[in-house]
Amino acid sequence: METLTYSRISTRARCAMREHLHYELRLRPRQIQWSLDIGSSFHAAMETWNQGQSEEEAVAAALARLNEVAARIKDPVELEKLPLRSVQLEVMVRAAIRRFPKYEPVVVEHEFSVPIINPRTGRASRTFRLAGKIDLVVKTPDGGYWLTEYKTTSQNLEQFRMRYGLDSQVSYYTLAAREALGIPIEGSLIRVIVKTRTEPRRGETLDEYRDRLEAMYTQESDRLLAEDLVVRDEAQLELTRRELWAEVQTRLFEKRLGVIRRNPQACSDFGGCPFRAACLQLENWQDMYYVAKAQHDELSMETQTA
C-alpha cells in the first residue's frame, strides 16, 4: 500500500517530475533555501510549544533545527547569514507565542493513515492511503473543534488570506482528521506570521537588531500576525473526496503509461525549482543533492509504510 500525503499531492500538482525526484528518488537539495528552512524551523518551535514546553525551549528547538539545516552549507557567503537568520527566527517564535492564545488541546502530534474511498462505490483504494500528521486539535471556548496550523509568509496578511477559500490543505486535513479521530472538526485555525524583510542598519549590532525587531512585532502585531478560522462544510468535503479519488485514478493511469510529466511553467515558482539540475541532468548534478533516509520527512517510518 502506497502512502500519499498532502505535501506529496501538492508537489505533484505543481510538477510530477518534481514529486518523483523528491519522493521516489528521495533527493534533497544541498543548497539552503532560507525562506523554506526558516518556515520549517518555526514549525519545530510551535510543535515544541504545543507539547506544553516553555518559550525558551521552543526557541531552542527552532534554532537547533536551523543549525541542522545550516550544517550542510558549503558556501561561506551563505553561512555568514546564519546569525542574522537566527535572530529573525527567534523574534518570530517569541512574537507568535506571546500573541496567540492557548486553547484546550484535544489532540497533539497524531499521525494518521486513512483509506481513500471511491465516492461512488464506497470501496477503499487497494493501492493508496492518505497519511499525514495532525499537529494539534483544539477546542475553542464556544465548543468548536479545530485543527491548528502555523504558517509563515512573505506576503501581507490580506494577500495570504485570499488562498483560504481554495486551500486544499485545509480540506484534506479536515476530511482526514474527521475519519482518523472521529471528532467533528469544523476546519482549521490558521495562525500566520509575516516574515520580516527588515535588515540590520549600518553599524547596528545583532542585539540592537533583535530589540528593534521585537518592538516592531509588538507594535505592529495586527499587521504581522493573525489567527483565522477557516471552515469546511459538508459540500466542500464531498468535493474533496471526489478530487482525492480523481488523484488516485490519475496516478494509476500515468503509472500504466510509464509517464512522468514535467511542467516547465513551474520551473520559476518560488524563486526557481531546486530540482532543475536533476531534472535536466546538468553536469555534476549528483553533487548538488543528497539522498534522504525517509520518503516523507514529516512522517515516522511506521506511517510511511502503512
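The values are calculated or read from the model by the stated rules, or taken from the named source; none is laboratory data. Predicted model, so just to flag it, every value in this text is computed and none were measured. A quick note on method: Cβ atoms are made from the backbone with ideal geometry, for glycine too, and the neighbour counts reach across all protein chains shown.
Annotations
- Filtered residue count, segment 234-251, keeping only those that are exposed (fewer than 13 other Cβ atoms within 10 Å of the Cβ), touching a residue at least 60 places away in the same chain (Cβ under 8 Å) and within 16 Å of Ala16 (Cα to Cα): 0
- Near pairs, Cβ below 6 angstrom, 6+ apart or cross-chain, from segment 281-304 (under 18 Å from Arg12 (Cβ atoms)) to any residue that is in a helix (DSSP H, G or I) and at pLDDT 90 or above: Gln295/Tyr23
- Test: Asp75 is closer than 28 Å to Gly52 by Cα and among the acidic types (Asp, Glu): no
- Residues of segment 1-10 satisfying the condition of being in a helix (DSSP H, G or I), out of contact with any Phe, Trp or Tyr (no Cβ under 7 Å at 6 or more places or on another chain) and under 20 Å from Val291 (Cβ atoms): Ser7
- In segment 37-52, residue surrounded by the fewest Cβ atoms within 10 Å (Cβ to Cβ) [restricted to those that are out of contact with any helix residue (DSSP H, G or I) (no Cβ under 8 Å at 6 or more places or on another chain) and farther than 21 Å from Thr218 by Cα]: Gly52
- Of the residues examined, Glu199 is one that is surrounded by fewer than 18 Cβ atoms within 10 Å (Cβ to Cβ) and within 30 Å of Trp34 (Cα to Cα).
- Residues in segment 254-272 that are polar (S, T, N, Q) and over 20 Å from the mean Cα position of the chain (by Cα) were compared, and the one that is surrounded by the fewest Cβ atoms within 10 Å (Cβ to Cβ) is Gln265.
- Hey, Ala64 over 15 Å from the mean Cα position of the chain (by Cα) and either more than 30 Å from Arg262 (Cβ to Cβ) or free of Cβ contacts under 8 Å to residues at least 24 places away in the same chain (or both) or not: yes
- Segment 212-233 - residue that is in contact with a strand residue (DSSP E or B) (Cβ under 6 Å, 6 or more places away or on another chain) and closer than 13 Å to Phe160 by Cα and, of those, surrounded by the fewest Cβ atoms within 10 Å (Cβ to Cβ): Glu227
- Within segment 190-219, residues that are under 30 Å from Val170 (Cβ atoms) have Cβ atoms under 6 Å from residues that are assigned to a loop (DSSP other than H, G, I, E, B) in these pairs: Arg191/Phe100; Lys195/Ser154, counting only partners at least 6 apart in sequence or on another chain.
- A single member of Ala64, Ala96 is crowded, with 19+ Cβ neighbours inside 10 Å and small (Gly, Ala, Ser), and it is Ala96.
- Sole residue being in contact with a strand residue (DSSP E or B) (Cβ under 7 Å, 6 or more places away or on another chain) and not small (Gly, Ala, Ser), chosen from Pro105, Pro119: Pro105
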